[in-house]
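Beneath this line is the structure, given in structure tokens, with notes to follow.
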Amino acid sequence: MTETREPILSASDVEVKFTVRGKTLNAIRKISCELYDGETLAIVGESGSGKSVFTKTFTGMLEANGSVTNGHAVFEGKDLYENKTDAEWEKIRGSKIATIFQDPMTSLNPIIPIGKQITEVIEKHQGKSFDEAKKEAIKLMTEVGIYDAENRFDEYPFMYSGGMRQRIVIAIALACHPKILICDEPTTALDVTVQAQIIRLIKKLQKEYGYSIIFITHDLGVVANVADRVAIMYAGQIIEYGNVDEIFYNPKHPYTWGLLSSLPQLGIKGEPLYAIHGTPPSLYDNIKGDAFAPRSDYAMAIDFEQEPPMFAVSDTHFAKTWLLDPRAPHVEPPAQVTQLHERMKEVISEQEGE
């Protein structure tokens with residue numbers, strides 16, 4: 001995947017397997033991708049596609065029954081998968097690569113004051129005294145939009161709204177001064193207005209602190225507002241990979257077509273919203289051919305027999321579909337996709353007129 005820059009994080013041929021009641025689940029099936037300094041890479045896919053599992057391998061947070069069985073993830077010149085103990089991972093986790101999770105209530109301790117939860121991180125990772133840590137914690141609380149932070153320092157999580165709790169989780173992640181921030185669906189549990197506020201906050205702080213972001217989501221509508229590049233995941237694999245304009249305006253994989261066609265933001269009043277029929281395959285099974293083939297209206301015989309390679313559309317855009325093979329018949333994307341640009345302009349115009 002051609003780039004002149006050196007990636008800050010480079011993953012290649014990563015496989016992850018879980019043992020569940022004596023059976024093997026192939027959660028990640030040979031994924032390769034890169035993250036560059038200061039950029040936002042969005043990883044998009046349905047629930048169960050492997051988005052969170054893949055990024056957990058960068059911080060050593062896989063569940064006990066899971067393991068990386070193949071591949072490498074190089075960060076700062078070292079393969080992260082060479083770390084085996086908690087002591088080794090603690091040099092990376094938080095201080096170099098931090099994570100914001102979906103539900104802030106599972107990330108915050110309900111019986112410890114908000115301020116103390118931030119100062120503990122600063123004292124541990126920056127070696128500062130409590131007074132120094134408190135001063136920085138209040139500064140961080142203010143930066144993430146907590147009004148009257150000094151007086152709210154000793155309050156408990158239940159005294160904050162969902163959006164405010166998520167801001168505190170962001171403050172805790174930033175307290176470590178990480179180089180990479182993994183945002184694991186950080187807006188899913190929030191209402192639409194608060195979602196927009198949190199996304200603007202993450203982008204603002206990225207400019208200020210200069211960290212790189214991996215943004216995990218199932219919502220391509222969110223991606224348009226945050227990403228530089230996009231990786232589309234399906235059944236434990238990246239099946240399309242490109243910059244945000246390529247994915248939105250020149251998508252090549254039928255699964256990406258389905259995701260774009262089902263964007264609720266682009267729905268037309270009175271018309272049914274498109275939905276991808278069927279369900280993803282079981283990752284306990286040995287998947288043959290293209291994993292999306294049984295759900296695709298564009299599947300050919302070869303899709304059920306042989307796994308497609310990753311075809312290059314351009315130096316920055318790749319898709320794992322036999323439709324890109326020179327021998328394949330020419331197929332036009334569905335109307336919802338070809339009309340996407342015009343429809344997006346209409347939606348923006350409608351929003352501006354409200």
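In straight Cα distance, which lysines are under 16 Å from residue 134, not counting same-chain residues fewer than 8 positions off?
By straight Cα distance, residue 134 reaches 116, 124.
Would you mind telling me the antiparallel percentage of the DSSP bridges in the range 223-352, rounded to 5? Working shown, then result.
Numbers: 10 of 10 bridges.
Roughly 100 percent of the beta bridges in the range 223-352 run antiparallel, per DSSP.
Taking the convex hull of the Cα atoms, report for the range 147-288 its projected area averaged over all directions, in nm².
Details: hull surface 48.6 nm².
The number I arrive at for the range 147-288 is 12.2 nm².
What Kirkwood Rh does the range 75-228 have if only Cα atoms enter the pairwise 1/r average? Answer in Å.
When all Cα pairs of the range 75-228 are included, the Kirkwood radius is 16.0 Å.
Among the aspartates and glutamates, select those whose C-alpha is under 12 Å from the C-alpha of residue 23, and discard any that sit fewer than 8 residues away in the same chain.
Partners within reach: 285.
Hey, got a sec? Which trypsin sites (Lys or Arg not before Pro) in the range 197-279 land in a DSSP loop and have at most 11 other Cβ atoms within 10 Å?
Here the trypsin sites (Lys or Arg not before Pro) that fit, given the DSSP loop and packing criteria, are 269.
Helix 130-143 versus the longest principal axis of the chain: what angle, 0 to 90°, nearest 10, using Cα atoms?
Taking the Cα atoms of the chain, the angle to 130-143 is about 50 degrees.
Take the Cα coordinates of the range 17-78, assign each an equal point scatterer, and use the Debye formula without solvent to give log10 I(q)/I(0) at q = 0.23, 0.27 Å⁻¹.
-1.14, -1.43
Measure nothing fancy, just the Cα-based angle from helix 192-209's long axis to the longest principal axis of the chain, in degrees from 0 to 90, nearest 10.
70 degrees
Mind checking which lysines have their C-alpha under 25 Å from residue 320, skipping anything on the same chain fewer than 8 residues away?
Cα-Cα hits under 25 Å: 17, 30, 51, 56, 252, 288.
What percent does the relative contact order of the range 251-353 come to when contacts are Cα pairs within less than 8 Å and at least six residues apart? Let's see the in-between values first.
On the way: 96 pairs, mean separation 27.8, N = 103.
In percent, rounded to a whole number, it is 27.
Please report the spacing between the Cα centers of the range 149-226 and the range 32-96 in Å, no decimals.
Cα centres, the range 149-226 to the range 32-96: 20 Å.
For a quick check of your reading of the filter: which chymotrypsin sites (Phe, Trp or Tyr not before Pro) in the range 120-168 sit in a DSSP loop and have no more than 11 other Cβ atoms within 10 Å?
147
At q = 0.06, 0.08, 0.11, 0.13 Å⁻¹, what log₁₀ I(q)/I(0) does a Debye calculation on the Cα points of the chain give, no solvent, two decimals?
-0.24, -0.43, -0.80, -1.08
Please build a GNM for the chain, connecting alpha carbons under 10 Å apart, and tell me which residue among 169, 222, 20 fluctuates the most.
20
How large is the helix-only mean residue ellipticity at 222 nm for the chain, computed as the sum of -39500 (n - 2.57) over DSSP H runs with n ≥ 4, divided by its residue count, in deg cm²/dmol to the nearest 500?
-9000 deg cm²/dmol
Share of antiparallel DSSP beta bridges in the chain, in percent to the nearest 5?
Antiparallel bridges: around 60 percent, rounded to the nearest 5.
Give me the distance in nm between label points sitting 7 Å out from Cα along the Cα-to-Cβ direction at residue 72 and residue 209, one decimal.
Distance between label points: 2.9 nm.
Read-outs: derived from the displayed coordinates by stated rules, not from any lab. Model, not experiment: these values are computed from the prediction. Neighbour counts run over all protein chains shown; Cβ positions are idealised from the backbone, glycine included.
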